[in-house]
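*Asks:* What follows is a single structure, and I will ask about it in a moment.
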Amino acid sequence: MPKLNGIDAARQILKHNPEQKILVLTNVESEQVARDCLRAGVCGWVYKSDRADELTAAIEQMQLNRRSFSSRISNLILAGYLKTGGNPATAVPARLSPRERQVVQLVSEGKTSKEIAMLQGVGREDCGNHRSNVIIKLKLHSAVDLVRYGH
């Protein structure tokens, strides 16, 4: 989604309509993005490659005020939880600011630092600082890892 990622869109929707049910339909395979979506208040997660009956089942569960997550994302979240030994302090990285989330979104869309700086109305140095902060907060090792995280 240009200019707004799904997590921020969910937050805005639920801020104005807390009773709204949100189902994520995505290709993203990221434990962190899934956790961020859960924190934002989404009720379900289905991959675009999942079978049609899984999407139907998720919608039906949401109509019954139940949460529904495909087995793939459930397994991904569980694996992350087990990897950290269930320690919430190690399971949840530092939260990103809205500006930092926007940088991740734009990087994942293939935007250059110059383009990101122009879109955000900041200098290239500020944009570079945001990228560096994201890499540090998420304990990534490179800009390539940042791109992978964004996808």
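None of the figures in this text is laboratory data; all of them are computed from the coordinates on show. These numbers were taken from a predicted model, which means no experiment stands behind them. Heads up, the Cβs are rebuilt from the backbone with ideal geometry, glycines too, and the neighbour counts pull from every protein chain shown.
*Asks:* Counting helices only, and only those DSSP H runs with n ≥ 4, report the 222 nm mean residue ellipticity of the chain as the sum of -39,500 (n - 2.57) divided by its residues, in deg cm²/dmol to the nearest 500. Please report the intermediate quantities before stating the final value.
*Replies:* Values: 9 runs with 91 residues, N = 151.
Calculated mean residue ellipticity at 222 nm is -18000 deg cm²/dmol.
*Asks:* What FRET efficiency would be calculated for the residue pair residue 78, residue 122, taking the C-beta separation as r and a Förster radius of 41 Å, to the nearest 0.05?
*Replies:* Details: r = 39 Å, r/R0 = 0.95.
With a Förster radius of 41 Å, E is 0.60.
*Asks:* Sticking with this structure for a sec: Could you give the Stokes-Einstein D for segment 6-91 in µm² per second, using the C-alpha Kirkwood radius, 25 °C, 0.890 mPa s?
*Replies:* Stokes-Einstein gives a translational diffusion coefficient of 182 µm²/s.
*Asks:* Moving on. Let's test this: bin the Cα-Cα distances of the chain at 5 Å from zero up to the farthest pair and state each bin's percent.
*Replies:* With a bin width of 5 Å, the distribution comes to 2, 9, 17, 19, 19, 16, 11, 6, 2, 0.
*Asks:* Round to the nearest 10 and give me the degree value, 0 to 90, for the angle of helix 6-16's Cα axis relative to the longest principal axis of the chain.
*Replies:* With both axes taken from Cα atoms, the answer is about 70 degrees.
*Asks:* Hull surface divided by four, with the convex hull built on the Cα atoms of segment 98-150: how many nm²? Mind showing how you got there, number by number?
*Replies:* Values: hull surface 12.2 nm².
Averaged projected hull area, Cα only: 3.0 nm².
*Asks:* Measuring from centroid to centroid over Cα atoms, what is the spacing of segment 109-138 and segment 20-49 in Å?
*Replies:* 25
*Asks:* Please express the Cα-Cα pair-distance distribution P(r) of segment 42-82 as a list of whole percents, one per 10 Å bin, running from 0 to the bin with the greatest distance.
*Replies:* Reading the bins upward from 0: 31, 50, 18, 0.
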